[in-house]
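Report on one structure; see the data block that follows.
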Amino acid sequence: MEGKSKIQEFSNLRISAFDSEGNEYSTVNDLWNRELDPLMIELEKKNSQNQVEGERIGNKENWYKKQVEYWDAQPATIDGVLGGYGKYHCMEAEYSAKVLSDYITHIPSRKRAFEVGGGIGRISKSILKEIFEEIDILDQ
C-alpha cells in the first residue's frame with residue numbers, strides 16, 4: 001500500500017509545466033487528464049485554435065508505445081538522444097553535476113548509484129563514474 005501512496009504523491013506533486021501548445025499543467029495528473037479525457041479531445045476537434053498537432057494518443061499504453069517508437073528511431077548517440085542538439089551535452093552535464101553536488105552530502109554511500117532513465121549513459125559516463133564505484137542504469 002505504501003508504494004501506491006508514493007505514486008499518488010508523485011502524481012499530485014505541484015509543478016509548473018507547459019506543453020508545446022501553451023497548455024499549463026500543475027500536476028502530472030493534469031497532463032494525463034488532458035491527454036486522455038475524451039471530452040477534451042472532442043473540444044479540441046471543434047476548436048481548431050487549440051487542436052493538438054498530429055495524432056491523439058488516447059491512453060497511457062499507446063502514449064508509452066509512441067515514446068518507444070520515437071526512441072527506437074533515434075540513433076544511440078549524444079546527438080540522437082538530444083534531438084540533434086548534441087553540442088549542448090557539456091552544458092547539460094555541468095548543470096547535472098551542479099544539481100548532484102547540491103545533494104551529494106545526503107547520499108550515505110558512494111559504493112553504488114542507480115540512474116533511472118539513463119538512456120545511453122551520458123550522465124553516468126560524464127558525472128556519476130567520477131563519484132560512485134558502481135552504477136546501474138535503467139531505461140526502457
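Note on Y70 and H106: with the Förster distance fixed at 41 Å, the Cβ-Cβ geometry gives a FRET efficiency of about 0.75. Taken one residue at a time, the phi angles of the stretch 88-103 give Karplus couplings (6.51, -1.76, 1.60, θ = phi - 60°) of 8, 4, 4, 5, 5, 5, 4, 5, 4, 5, 5, 4, 4, 5, 5, 10 Hz. Gly and Pro are set to x. Taking amide H atoms as placed 1.01 Å from N in the peptide plane, the amide H of A113 lies under 5 Å from those of E134, I135, D136, each 5 or more residues away in sequence or on another chain. When the listed pairs K65/K125; K98/K129; K87/K111 are checked against a 22 Å cut-off, the alpha-carbon distance exceeds it for K65/K125; K87/K111.
Throughout, read-outs are computed from the coordinates displayed, never taken from laboratory work. Since this is a predicted model, take the numbers as computed values, not measurements. Glycine also receives a Cβ, built like all others from the backbone with ideal geometry; neighbour counts cover every protein chain displayed.
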